[in-house]
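Notes follow once the structure below has been shown.
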Protein chains: 2
Amino acid sequence: MNIGEVAERTGLPPKTIRYYEDIGLVKPLRDTNGYRAFRESEMHKLAFLGRARTLGFSIEDCRNLLALWEDSNRASADVRAIAKDHLAQIEAKIRDLQEMRDTLSTLVRDCAGDDRPDCPILKTLGTETAAEQR
Amino acid sequence: MNIGEVAERTGLPPKTIRYYEDIGLVKPLRDTNGYRAFRESEMHKLAFLGRARTLGFSIEDCRNLLALWEDSNRASADVRAIAKDHLAQIEAKIRDLQEMRDTLSTLVRDCAGDDRPDCPILKTLGTETAAEQR
DNA sequence: ATGGGGCTTCCAGTCACTGGAGGGTCAAGG
DNA sequence: CCTTGACCCTCCAGTGACTGGAAGCCCCAT
């Protein structure tokens, strides 16, 4: 299987697949012409990676998850620990963003948005701690 | 005012302040010894930048906001447009993360997390479109 | 043989910093 | 006067996870 077909079947761009080889996540064979020759199992690994990345796992998380995936004797607790940790990070990120959103939406609401120069958004950025607004 | 004092008063690390000079956001004078000499107005600009960055505005947004801040004839509509746009991006990001969180928390909930190898998290990553779970 | 697409490598850029090396400057204490 | 330690300077490299582009093979159909 050439890289193009793998790209199509996994939904990952060829560039990304090459990058994943660079950093050692997959190790495709090579044809005599130098083209990467992916086995079915490699394709599945890449699909796995694509899904894990969609869920926001970092590359290092993915590397660990992949190792666990390949290890039929792994303990599910190990996988769960990675996922829980990642979940906590996502939740923290959501809270941060919600705080930003709340502050910003207050500012946007209070701004007339006309052609006069008076603007509570700039006023706040200029004088107060933005996070205190709301 | 030396960089250290500005750093303390704005809460920005000296490295970041130097970086902001590099990319042309501030233009401090120089003492004869080569040290940066910040005026009060520069300090305020940096504080403004720090607050805008806290709200997640990109550097380019900050550059524009700063220009509007300095322009006493600006229209508040211009500021509001930038803020609204940014707000929309934050909201999109929140939705993405919430989707990830929902999928992940289902997976974590369904995983026994013991020393047996059976693991719904890996099973999902290996076979289904992760986003379809839930 | 020619054209077009697919494949290769390597280099550079993204974003917003951050770390570190190597070295100059300043003020206080001995 | 000298040393010490805190400050300041510049420049280079690295972060994460790609992405874009140049330059150049390879393969197949016409």
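Tabulated results
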| quantity | calculated |
| --- | --- |
| Residues whose placed amide H lies under 5 Å from that of A:ALA37, excluding near-sequence neighbours | A:LEU29, A:ARG30, A:ASP31 |
| Within straight-line cross-link reach of B:LYS93, lysines at Cα separation under 30 Å, skipping those fewer than 8 residues along the same chain | A:LYS15, A:LYS45, A:LYS84, A:LYS93, A:LYS123, B:LYS15, B:LYS45, B:LYS84, B:LYS123 |
| Sum of -39500 (n - 2.57) over DSSP H runs of 4+, divided by residues of chain A (222 nm, nearest 500) | -21000 deg cm²/dmol |
| Computed FRET value (nearest 0.05) for B:ALA112 with B:ALA92, which takes r as the C-beta separation and R₀ as 45 Å | 0.85 |
| Average beta-carbon neighbours from other chains, 10 Å sphere, peptide A:65-74 | 3 |
| Average Cα contact separation per residue, chain A, under 8 Å, 6 or more apart, as relative contact order % | 15 percent |
| Separation of alpha-carbon centers, region A:78-126 and region B:1-72, rounded to whole Å | 22 Å |
| For the protein assembly as shown, with +1 on Lys and Arg beta carbons and -1 on Asp and Glu, the positive-most of A:HIS86, B:LEU12, B:ASN33 along the dipole | B:ASN33 |
| Cut-off 15 Å between beta-carbons: net charge of the residues surrounding A:MET1, Lys and Arg +1, Asp and Glu -1 | +1 |
| Protection proxy ranking, peptides A:94-105, A:14-25, average beta carbon neighbours within 10 Å, highest first | A:94-105, A:14-25 |
| Helix A:76-110 vs. chain A, principal-axis angle (Cα, 0 to 90°, nearest 10) | 30 degrees |
| Accessible area per residue in Å² at 1.4 Å probe, computed on region B:3-74 | 55 Å² |
| Cβ-vector label at 7 Å, B:ALA112, separations to other copies in nm | 6.7 |
| J(HN,Hα) series, region B:45-61, from Karplus relation 6.51 cos²θ - 1.76 cosθ + 1.60, nearest Hz, glycine and proline x | 4, 5, 5, 4, 4, x, 5, 5, 5, 4, 7, x, 5, 6, 4, 5, 4 |
| Peptide-level mean, for B:112-120, of C-beta atoms on other protein chains within 10 Å | 6 |
| Sparse-neighbourhood loop sites, chymotrypsin sites (Phe, Trp or Tyr not before Pro) in region B:31-111 - DSSP loop, at most 14 other Cβ within 10 angstrom | B:TYR35 |
| Average partner coverage of B:46-55, which counts Cβ from other chains inside 10 Å | 5 |
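The values are calculated or read from the model by the stated rules, or taken from the named source; none is laboratory data. These numbers come from a predicted model, not from an experiment. Here Cβ is always computed from backbone atoms with ideal geometry, including for glycine, and neighbour counts include all displayed protein chains. When the accessible area is computed, the model is the full protein with side chains, heavy atoms only, and any ligands, DNA or RNA have been set aside. Shrake-Rupley method; radii C 1.70, N 1.55, O 1.52, S 1.80 Å.
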